[in-house]
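Bear in mind that the values in this text are calculations on the coordinates, not laboratory data. As the structure is a prediction and not an experimental result, all values here were calculated from the model. Cβ placement follows ideal geometry from the backbone for every residue including glycine, while neighbour counts extend to all protein chains displayed.
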Amino acid sequence: MTDIANLQDELLAAIGAADTTEALEAVRISALGKQGSVSALLKTMGAMSPDERQIQGPVINGLRETVSNALAAKKSELENDALNARLATEQLDMTLPPTAALNGSVHPVSQVMDELAEIFADMGFAVAEGPEIEDQWHNFTALNMPETHPARAMHDTFYMQAAGEEEARLLRTHTSPVQIRTMTSQEPPIRIIAPGRVYRSDSDATHTPMFHQIEGLVIDRGIHLGHLKWTLETFLKAFFERDELTIRLRPSYFPFTEPSAEVDVSFSMENGKRILGGTGGWMELLGSGMVHPKVISACGLDPDVYQGFAFGVGVDRLAMLKYGMDDLRAFFDGDLRWLKHYGFGALDVPTLSGGVSA
Ligand code: 2NL
């Protein structure tokens with residue numbers, strides 16, 4: 001009896017003193033393992049007389065129970081301590097800025113699209129998007145380009161013919177179909193820009209088969225060329241961050257606008273380089289015009305009630321002019337050195353108050 005009480009005291013003291021899970025495991029084996037002291041006592045019960053077993057049995061089983069419970073309690077205490085120690089060293093400060101921002105960079109095309117969205121948002125324009133795989137009606141027919149229209153051939157279109165479908169679909173050759181979709185689904189007044197990828201089967205040093213375009217569209221009552229000119233001049237001054245920039249409209253032709261105008265921006269020479277703004281000369285930059293009455297009625301609107309203006313410009317070209325890049329093909333090479341040189345920080349969101357490209 002006292003032997004058992006002594007053994008229990010000894011084991012509980014050893015359990016209490018174990019300061020690692022390994023030390024505790026050694027105590028467990030010394031007591032409850034095959035050769036353990038408690039296991040040895042349990043084995044003696046087989047040789048006892050029934051009377052003796054009735055007295056010793058509960059005592060020995062009580063010892064086993066007490067030691068097992070103490071082992072389990074100590075085990076979870078040690079595990080808990082280990083977890084707390086690990087948590088203390090693995091603390092994360094959620095208020096720190098992400099380090100990824102120091103590695104990745106925003107592609108100049110994305111940067112320019114963000115700048116354009118910011119500038120036009122300030123003038124009340126929403127950003128509209130649409131599918132890159134289009135049908136011929138939205139890409140051509142609704143834009144006053146019937147099947148026989150020579151401009152369809154001029155567009156170097158990528159067509160794709162699905163089995164069982166009557167009409168070939170195509171990769172959009174401009175973002176105009178996005179504006180057509182807006183006009184057929186929303187009531188005027190409409191003020192949108194449609195930025196995105198467009199495709200033409202054409203590639204050399206200055207043309208890539210995929211490039212980026214942004215088009216703008218305003219539809220309302222009483223819209224005239226004055227609105228077009230003010231909007232484009234305000235946009236270009238904000239984009240190139242030059243107040244001295246002026247524009248000039250030259251008569252041109254697009255099937256979807258009447259009248260149509262090519263927009264030139266003024267430039268001047270600084271250290272042998274052209275910079276936008278000033279009075280040194282004119283550079284052609286974008287195409288524009290008053291939306292053709294046939295386009296307005298194709299979208300289910302009455303051209304006697306609603307008028308509008310539209311424009312289109314290449315985003316890649318805007319980026320090259322603003323940030324001084326000379327080779328279009330570098331835009332699509334994915335060269336990390338080029339991106340490091342021309343790319344923008346992921347957290348530098350363009351704002352009008354901070355200067356759009358600051
Ligand atoms: C260019 C010319 C232009 C448009 C795009 C447009 C869209 C609709 C109706 C009428 Cl829905 N016009 N877009 C108008 C004039 C010119 O782009 O040279 N782009 C690079």
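Of note:
- A DSSP coil position with no more than 13 other Cβ atoms inside 10 Å describes the following GluC sites (Glu not before Pro) in the range 218-303: 244.
- Normalised by residue number, the volume inside the convex hull of the Cα atoms of the chain is 295 Å³ per residue.
- Relative contact order, percent, the range 151-310 [alpha-carbon distance under 8 Å, six or more residues apart]: 19 percent
- The Kirkwood hydrodynamic radius of the range 2-89, based on inverse pair distances between different Cα atoms, is 14.1 Å.
- Lysines whose Cα lies under 25 Å from that of residue 273, excluding same-chain neighbours fewer than 8 positions away: 237, 322, 340
- Options 83, 47, 123, ranked by Cα towards positive dipole end of the chain, top entry (Cβ charges): 123
- When each of 203, 49 is scored by the number of other beta-carbon atoms lying within 10 Å, the sequence from fewest to most is 49, 203.
- Using the Cβ-Cβ distance between residue 10 and residue 91 with R0 set to 45 Å, the FRET efficiency works out to roughly 0.65.
- MRE, 222 nm, helices only [DSSP H, n ≥ 4, -39500 (n - 2.57), over the chain, to nearest 500]: -13000 deg cm²/dmol
- The range 52-147: GluC sites (Glu not before Pro) in DSSP coil with no more than 16 other Cβ atoms inside 10 Å: 90, 129, 132, 147
- Taking the chain as a Gaussian network of alpha-carbon nodes connected by springs under 10 Å, the highest mean-square fluctuation of the residues 289, 124, 343 belongs to 124.
- For the pair residue 166 and residue 37 in one chain, pulling the backbone fully straight at 0.36 nm per residue adds 37.6 nm over the alpha carbon distance.
- Only Lys, Arg (+1) and Asp, Glu (-1) charged, at Cβ; the range 29-123 dipole about Cα centre in debye: 1220 debye
- Loop-resident chymotrypsin sites (Phe, Trp or Tyr not before Pro) (DSSP state other than H, G, I, E or B) in the range 72-144 with no more than 12 further Cβ atoms inside 10 Å of their Cβ are absent.
- Centre-to-centre separation between the Cα atoms of the range 308-340 and those of the range 1-70: 80 Å.
- Straight-distance candidates among the lysines for linking to residue 43, with alpha-carbon spacing under 19 Å and chain neighbours fewer than 8 residues away dropped: 34.
- Lys/Arg +1, Asp/Glu -1 at C-beta; the range 198-244 dipole; positive extreme among 225, 239, 199: 225
- Put the Cα centre of the range 166-188 next to the Cα centre of the range 121-140 and the gap is 6 Å.
- Evaluated with a Cβ-only charge set (Lys, Arg +1; Asp, Glu -1), the chain carries a dipole of roughly 260 debye about its Cα centre, given to the nearest 20.
- Cα-based Kirkwood hydrodynamic radius, the range 1-158, one decimal, Å: 24.3 Å
- Total formal charge among the other residues, if their Cβ is under 14 angstrom from that of residue 194, Lys/Arg +1 and Asp/Glu -1: 0
- Stretchable slack from residue 268 to residue 201, in nm (0.36 nm times residue separation minus alpha-carbon distance): 20.7 nm
- Across the chain, the mean sequence separation of Cα contacts (distance under 8 Å, 6 or more residues apart), normalised by length, yields a relative contact order of 16 percent.
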